[in-house]
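The values are calculated or read from the model by the stated rules, or taken from the named source; none is laboratory data. Remember, it's a predicted structure, so these values are computed and weren't measured experimentally. Here the Cβ positions follow ideal geometry from the backbone for every residue, glycine too, while neighbour counts run over all protein chains shown. To get the accessible areas, we keep the full protein, side chains included, count just its heavy atoms, and leave off ligands, DNA and RNA. Shrake-Rupley method; radii C 1.70, N 1.55, O 1.52, S 1.80 Å.
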Amino acid sequence: MTGPAHILVTGATGAVGSTVMRALQATGRHVHGVGRRSGMANHSAWYAGRQDPPPELRRSWDAIVHCAADTRWNLPDDEAMQANVAPLRAILSLADSATQFIHLSSSFATGLHGDVVVSAREAYRNSYEWSKAAAERCVRAERDGADIVRFPLIIGSRTDGALDRYSGFFWVLAALCSGAVPALVAREDGLLDMVSTDDVAQHVVSLLDSGTSQGHRLSVLGRGADAQSVKQAFDTILDALNSWRTDNDVAPLERPPYITPQQWNRFYLPFIEEWLDRVQLTRVAAFRGYQDYLSIAEPFDVTTQVPDTRATLRRSVLRWAETHADAARRTPKPWSARQGRGNSGGRR
Ligand SMILES: NC(=O)c1ccc[n+]([C@@H]2O[C@H](COP(=O)([O-])OP(=O)(O)OC[C@H]3O[C@@H](n4cnc5c(N)ncnc54)[C@H](OP(=O)(O)O)[C@@H]3O)[C@@H](O)[C@H]2O)c1
């Protein structure tokens, strides 16, 4: 075994933290996990940022891998800061100057200007990006040395597509199966960069193997300019869903049409809005946050290019369908004006 012996992993019950835990345990290191709720052995339930740390965490750590976060895009600004910066400060207080501190961030923390240095809220697409950028600035301000690891959308394990927790993006799969979205509001040629949880875990292991950094070391994982286009990714997703549906005697899904965000926001939505019922309007609002991420033209400037992700995406979708069979076998309800009851003033 090389590298640190006693390692604290926060967010250990989450999609990324659980994979990081397993990868570190496989190297023979002593790993202790933290989450808000209780988890497996060698795990402490601690609501960081709201509670004092439990006694077992107040010890000297050779390394801390900070994976805990609230990844929701739609939290009010103050709640996002409370969810992503306050816990970080509490976890930083457990590190001493010899602790190797590895902070997991997001490629999207660079917001609309491609950098985390701007603190203005308008420079970010949503409160999640804004709070993740603030967290990076906090790590740099509080630590002389630290690793910051950014990565884009997370998909499952490279071997079998498994993911310990499904969040954000996987809602799109359920939406495709239920017909919750009438069209893909996206740029077909946009880049949809993604990495496997295994890629992040392997990178964390390699950072620990290489030892504490002098100063701040930034890694950006992803495919960069070789990322799948939105069209390629959705072709893979639909092919995988339809292969699962065929094997389970469910009619295949039709390919929804692509509409650019400009067309949708300027032309379609203003005209159909008054015909949509409350449920449809809620879905439209929920899907609004995805438009930005399905319309990215500029590749991320990666420092570590991960292997091709197409087969992993297919495995992840198949695995999602296996574990969410009720959602995966739904029949999409078509959207029509007749379905909407209207919401404009006076229309009842
Ligand atoms: N998911 C993605 O697509 C993606 C993409 C880019 C970057 N990232 C980054 O990767 C990291 C891990 O994300 P993830 O997808 O694994 O998140 P996740 O699946 O939602 O898991 C979040 C984890 O953080 C814990 N947690 C949250 N707030 C906490 C607090 N105040 N105190 C203690 N534990 C807390 C949760 O504990 P409980 O389970 O007990 O609630 C859970 O273990 C985050 O930094 C995220 O920003 C994620």
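Residues that are over 14 Å from ALA328 (Cβ atoms) and among the aromatic types (Phe, Trp, Tyr) within region 163-190 comprise just one, PHE169. The set of residues in region 46-74 being without any contact (Cβ under 8 Å) to a residue 24 or more places away in the chain and either in contact with a Ser or Thr (Cβ under 6 Å, 6 or more places away or on another chain) or open to solvent by less than 10 Å² (accessible area, probe 1.4 Å) (or both) consists of TRP46, PRO54. Among the criteria (1) more than 22 Å from PHE151 (Cβ to Cβ); (2) open to solvent by 10 Å² or more (accessible area, probe 1.4 Å), the one LEU192 does not fulfil is (1). Screening ILE102 with (1) modelled with pLDDT under 95; (2) buried (at least 23 other Cβ atoms within 10 Å of the Cβ); (3) not charged (D, E, K, R) gives one miss only, at (1). Quick check: anything in region 109-120 hydroxyl-bearing (Ser, Thr, Tyr), open to solvent by 10 Å² or more (accessible area, probe 1.4 Å), closer than 26 Å to GLN228 by Cα and part of a helix (DSSP H, G or I)? There is at least one residue in region 109-120 that is hydroxyl-bearing (Ser, Thr, Tyr), open to solvent by 10 Å² or more (accessible area, probe 1.4 Å), closer than 26 Å to GLN228 by Cα and part of a helix (DSSP H, G or I). Given the criteria part of a helix (DSSP H, G or I) and in the same structural domain as TRP46 (by TED's automatic domain parsing), does ALA175 qualify? Taking the combined requirement at face value, the residue does not satisfy it. Only residues that are open to solvent by less than 10 Å² (accessible area, probe 1.4 Å) and within 9 Å of the ligand (Cβ to nearest atom) were counted in region 133-151, giving 2. Comparison of THR212, THR197 shows that the only residue that is closer than 30 Å to THR10 by Cα, among the hydroxyl-bearing types (Ser, Thr, Tyr) and open to solvent by less than 10 Å² (accessible area, probe 1.4 Å) is THR197.
Scanning region 72-99 for residues that are near the ligand (Cβ under 10 Å from one of its atoms) and at pLDDT 95 or above returns GLN82, ALA83, ASN84, ALA86, PRO87, LEU88, ALA90, ILE91.
The set of residues in region 159-181 being within 30 Å of ASP209 (Cα to Cα), of a type outside the set (A, V, I, L, M, F, W, C) and open to solvent by less than 50 Å² (accessible area, probe 1.4 Å) consists of GLY161 alone. Scanning region 1-45 for residues that are touching a His at 6+ places or on another chain (Cβ under 6 Å) and either touching a residue at least 60 places away in the same chain (Cβ under 8 Å) or open to solvent by 50 Å² or more (accessible area, probe 1.4 Å) (or both) yields a total of 5.
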